[in-house]
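The values are calculated or read from the model by the stated rules, or taken from the named source; none is laboratory data. Because the structure is a prediction, the values reported are computed rather than measured. Cβ atoms come from the backbone with ideal geometry, glycine included; neighbour counts cover every protein chain shown. Surface accessibility is based on the protein's heavy atoms, side chains included, excluding ligands, DNA and RNA. Shrake-Rupley method; radii C 1.70, N 1.55, O 1.52, S 1.80 Å.
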Amino acid sequence: MKHFLLVDDSNATNFFNKTIIKKTECVEEVLIAKNGKEALDYIKSGISPEILFLDINMPIMGGWEFLKEFQKLDSDLKKSIVIVLMIGAKLSEEEMEKAKSFSEIKEFQEKMLTKNIVCNLVTKYYGNSISKVCNELSGLIS
């Protein structure tokens with residue numbers, strides 16, 4: 001895989017999640033956008049992350065606004081992007097209903113990732129991982 005994109009305004013969360021993702025050895029580059037606008041700029045520039053981890057509450061452009069703008073993009077720009085909505089606390093009923101209205105949201109995860117979560121996402125959406133780390137975690141290699 002070429003790119004994962006972390007979209008979150010928290011430096012600490014981005015540092016932690018980038019470190020975990022790199023340890024899975026399943027992606028060449030982990031990109032960081034501090035808000036939805038930066039994430040859209042990446043995508044419009046031709047960078048198409050396989051998995052995009054999206055926070056909801058951010059300055060400039062939050063997650064909900066990002067999703068509305070993402071829907072407007074040409075299908076070629078967003079063709080293979082799996083969006084994982086990152087949640088720091090339980091979503092309210094209203095937020096859950098809002099999330100259901102976006103078919104682009106494929107998963108919900110807590111803000112802090114683990115190697116298992118990352119490997120499971122890669123395997124679920126892209127088939128067997130070529131990462132030795134993920135294969136070992138899933139018991140394919142002992």
Restricting attention to the stretch 109-137, report how many residues are exposed (fewer than 15 other Cβ atoms within 10 Å of the Cβ), within 22 Å of F16 (Cα to Cα) and at pLDDT below 90. 3
Test for K44: is it farther than 20 Å from E110 by Cβ and open to solvent by 60 Å² or more (accessible area, probe 1.4 Å): yes
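Listed here are the residues, each with its yes/no results for (1) without any contact (Cβ under 8 Å) to a residue 24 or more places away in the chain; (2) closer than 20 Å to T13 by Cβ; (3) of a type outside the set (F, W, Y).
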residue: K37; (1), (2), (3): no, yes, yes
residue: I56; (1), (2), (3): no, yes, yes
residue: K68; (1), (2), (3): yes, no, yes
residue: K78; (1), (2), (3): no, no, yes
residue: S101; (1), (2), (3): yes, no, yes
residue: T114; (1), (2), (3): no, yes, yes
residue: N120; (1), (2), (3): yes, yes, yes
residue: C134; (1), (2), (3): no, no, yes
The stretch 78-118: number of residues that are of a type in the set (A, V, I, L, M, F, W, C), over 13 Å from I51 (Cα atoms) and part of a helix (DSSP H, G or I): 2
Can you tell me which condition Y125 does not meet? The list is (1) touching a helix residue (DSSP H, G or I) at 6+ places or on another chain (Cβ under 6 Å); (2) part of a helix (DSSP H, G or I), and all the others hold. (1)
